[in-house]
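Bear in mind that the values in this text are calculations on the coordinates, not laboratory data. Computed from a predicted structure; not experimentally measured. In this analysis, Cβ positions are derived from the backbone assuming ideal geometry, glycine residues included, and neighbour counts consider all displayed protein chains.
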Amino acid sequence: MSTTEESTAPVQAPTVPPAPNRLKDIARQLLGTPRVIVGLALLVLLAAFAFAGPLLTAWDVGGRDFSAMLEGPSPEHWMGTNRTGQDIFTQATAGLQKSLLIGLLVAVISTGVAAAVGAFAGYFGGVTDKGLMWIADLALVLPNFVILAILSRHFVGQGGWLILVILLAAFSWMVTSKMVRGLTISLREREYIHAARFMGVPSYRIILRHILPNMSSLLIADATIMVSAAIIGETALSYFGLGVQSPDISLGMVIAEGSSFATTAPWVFAFPTALLVVMVLAVNMVGDGLRDVLDPYSKSRRS
Amino acid sequence: MSTDTVAATASAHTENTADAPVLEVTDLAVTFPGLNGNPDVHAVRGVSYTVRRGEVLGIVGESGSGKSVSSMASMGLLPEHARITGSVRLHGEEILGLDDRAMARKRGRVISMVFQDPLSGLTPVYTVGDQLAEAVLIHDPKTSKAGARARAVELLDLVGIPNAQHRYRSFPHEFSGGMRQRVMIAMAMANRPDVIICDEPTTALDVTIQAQILDLLRTARRETGAAIVMITHDLGVVAGFVDRVLVMYAGRPVETGGVDDIYYRSRMPYTMGLLGAVPRMDLEHQGALVPIKGTPPSLSDLPPGCPFAPRCPIARPECDMAEPELLAIGSQPSEEEIRARGTEAGAARTDGGDTGTQRVACIRSGEIADRGWTAQDIYPVPEIPESSFSDVPREDRPEMLRVTDLIKHHPLMKGAVLKRRVGTVYAVDGIDFDSREGETLALVGESGCGKSSTLMEIMGLEKPQRGSVSVMGRDTAGLGRADRFRLRRDMQIVFQDPMSSLDPRMTVFDIIAEPLRTHGTATADTTRRVYELIDLVGLNTEHATRFPAEFSGGQRQRIGIARALALEPKLLVLDEPVSALDVSIQAGVVNLLQELQARLGLAYLFVAHDLSVVRHIADRVAVMYLGRIVEIGDTASVYARPAHPYTQALLSAIPLPDPERERARTHIVLDGDLPSPADPPSGCSFRTRCQKFITLSEPDREQCMSVEPRVTATSGGDQAAACHFAER
């Protein structure tokens, strides 16, 4: 075969090269980025730590050591104890279990809902747009803290935290969905979207294949921020005794409890906070790496 | 026009400075240091030229050749971090390296500039007149406010803004693109500068407006006697306007000389290729265009030798050894000398300024001159196979597309809560045409004439607001969802902008595979077909895994064409497929389209504003104006005997890349701008700008104003025009 410009090109070999696989490609690149490896490793370590931690110490999650109240780190209490004599290490690692799950799940659900609602509203416009945005506006103006407080009372007990995840997610997707909607409206007029439409690609596929990938930077950034926001939101609820209920414990509760001793007895505050920081950092590293791999314009990809 | 005062002072100006160059640029080089460990970008590498009073120098080059950067450097407008060396003398005074304050005193008064984009050149929050008056005041603080205002009105009048006194108080957004460019030119002329640098002043404008602006620049030169440096990529624009031409490539001038020398006796393969790549409107049978293969080199990583050598069809090994200097024809060192000097001998830049004779930076220029080679001799011109349809009469071929009385009106709404209709934009207002198998129908017209709206209506395959669209004999009004999906297989589209028509997040493979996957092709077949298509449009197999951002404009357009061809459509809709590309790249894509049509028997619906490309590629042409077709017919007769005054004006407005013919031509310059499609004139919509309307008698005018002309056959053949007084 010859073409106008490259008529001298060698005749193509009869064997057809295999189709490139984008998913495999992304996975390979992700694993080739040190940041992602470190982030993923940190997350795995944290998870392992969260589940193994409470078993390593001699202390129970709720147990008190009345002989050591508000004591600094010692061989008995690796990270010290709090005001009521609870072991900080045990408390923080056990709290990490729930917080990891809450943070990651809320982030994924809330960003997912935001992306779906925003993209559909922006892409279809008209009645769909009006309806979905009306719901978003409604969710924005409702006093979500009060509703969370009332509803979470109802679901105390086993699996209560799962309801909490859903509630937290249900009240955190609105602002992002509005941003997604705006971006979708501008992307909708791009020629490649027209091209896909004229090819006969169904609308939901256009949204999934063309619109959402092109705002992946925003979505990833939103999800990473949401991880810490969810943990802090849960903390706020816990502070009023509304979030995770005992005997369950969350990192937020431990931090909230220790925050008043931050200057006088820093260990109460430092260790759980450090866990939170490491966790958010790890999520950020993975998110960053993912964004770079997905973004064909990013520098690190082409270096 | 009240130009007398200006003319008088300008001519007085002219006399005292006789023949000394006004602007002298010597060995100018601009380097942008690379950030974050990136290599430096050598944007300009040794440009020298001089311009005298009243002289027009054209700087021609493709995008990225350094033409704009070199002029920005002479204006002192480059960012701080740019490293500029060489010398720029204005009236013998060195201005390179002057501080910003001293430079500001020169800018506007001695040297001024007209920018490409008239939309961003004016401040939106001040009135046009105040901005002009400010330009006057700043260099002449002694002028009274009233004096400056009077001068501003005078200038507005001079550049042809109707009702200048009144328009003084208009804001920039109330002006059209062409009018804003006029204001920019007025501003550049305001203080009667000695040099005006025009950086692609007409690129963003329509042809009829371009003709107005070129006319205006001629006036500006006459009125101010200024030297003009005209920067452009369009070889047609400069042909009839400039005295001398400087051709730039990869930051260096590669050929310079008088305009006739360059156009008729070019001795540099690059210039020859550029001229050969331009589709010509004035030639009956041009044959295939001359494509220059490859793309310009990266300015941060230049080859050691001639930068054009990798794309040059007659390159010798010696070309890669050292960069050739810009020397008179025949005085280039011989190949033996170059070999003896080796690579380290780097070009000793000895040229002592602009001598005015033709000079070429090619070691084979002497040889080219001796043998009298032309572009066709040195470039391999592709063979375009004859279409198998050419001998079947048009009427006997199956119909691919028929549009009857199609309209597309957008309502103009007002009010936030209770929306009410305050008007209608008549985007497409009753058009009829048809297209047959293996045929190219071109829709041409200026921006805002409804070409793209028509395409969107056709591609949408929905029931139109009025009239009907039928594709391959099937009326779109009666299509079900499944039928519509099946019909999409047979019609595909290629878009204008190669930047936005490909999803940046998808690999080339996925982009081309998308239509196949959508229409349920098996995976193995998809893979095979994608590689077949990649090969068909002249890309390489290893390109499949890359992203669109890694390709040049021409390559991206090829990817877009491959995607459109994936489902083997019978009708390909092309929405200005080459207008965003450089001339040399454009030629390759045009040739590819023609080859594909001949090979695959495609029907094209080709939308363009460039009438030269249309002449080259189309079998039939339909000229649109304000949502209507004003003339339709086979290309040869429409171009030879345009019947409608608008077609005549359009054809006449296009500059030819042929200096002698261009100077001999008289252009029909239309007045004013395209009327708003929300409020078209009564009767014939073109009458407000029509050059014929003015010459008509009173009752005839009455007819134009009250009766809307219908498209009627003019010369018995295929040609038809919508004019009461069409040429027959």
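Key figures
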read-out: Signed unit charges on C-beta, dipole axis of region B:4-242, positive-most listed residue B:Gly147, B:Ala211, B:Val195; value: B:Gly147
read-out: Region B:88-163, relative contact order in percent, only Cα pairs under 8 angstrom and at least six apart counted; value: 19
read-out: Base-10 log of normalised Debye intensity for the protein assembly as shown (one unit scatterer per alpha-carbon) at q = 0.04, 0.07, 0.08 Å⁻¹; value: -0.27, -0.79, -0.98
read-out: Percent of beta bridges antiparallel (DSSP, the protein assembly as shown, rounded to nearest 5); value: 60
read-out: Chymotrypsin sites (Phe, Trp or Tyr not before Pro) restricted to DSSP loop in region B:103-192 with at most 15 other C-beta within 10 Å; value: B:Tyr126
read-out: log₁₀ of I(q)/I(0) at q = 0.10 Å⁻¹ - region B:431-545, Debye sum with one point per alpha carbon; value: -0.41
read-out: B:Ala328 long-range amide H proximity, modeled H, under 5 Å; value: B:Val360
read-out: Partner lysines for B:Lys67 [C-alpha distance under 23 Å; skip if fewer than 8 residues away on the same chain]; value: B:Lys106, B:Lys293
read-out: Beta bridge orientation in chain B: antiparallel %, DSSP, nearest 5; value: 60
read-out: Gyration tensor (alpha-carbon) shape descriptor, chain B, a/c threshold 1.5; value: oblate
read-out: Computed helical MRE - 222 nm, the protein assembly as shown, DSSP H runs ≥ 4 contributing -39500 (n - 2.57), nearest 500; value: -13000 deg cm²/dmol
read-out: Computed label-point distance, nm, for sites A:Thr84 and B:Leu302 using a 7 Å Cα→Cβ extension; value: 7.6
read-out: Largest-first principal axis extents of the Cα set of region A:100-195 (Å); value: 52, 27, 15
read-out: Average Cα contact separation per residue, region B:4-242, under 8 Å, 6 or more apart, as relative contact order %; value: 26
read-out: Neighbourhood net charge (10 Å Cβ-Cβ; Lys/Arg +1, Asp/Glu -1) for A:Arg197; value: +2
read-out: Shielding score for B:492-500, defined as the mean number of other chain Cβ atoms within 10 Å; value: 4
read-out: Excluding exposed DSSP-loop GluC sites (Glu not before Pro) (at most 11 other C-beta within 10 Å), longest clean stretch of chain B; value: B:387-728
read-out: In Hz, Karplus ³J(HN,Hα) per residue of region B:105-117 (6.51, -1.76, 1.60; θ = phi - 60°; x = Gly, Pro); value: 5, 7, 4, x, 9, 9, 9, 9, 9, 10, 8, 5, 9
read-out: Hydrodynamic radius (Kirkwood) for region B:4-242, which is based on Cα pairs only, to one decimal in Å; value: 18.4
read-out: Other-chain or far-sequence residues with amide H under 5 Å of B:Leu574's (modelled H); value: B:Val494, B:Leu605, B:Phe606, B:Val607
read-out: For chain B, with +1 on Lys and Arg beta carbons and -1 on Asp and Glu, the positive-most of B:Val238, B:Ala361, B:Gly258 along the dipole; value: B:Val238
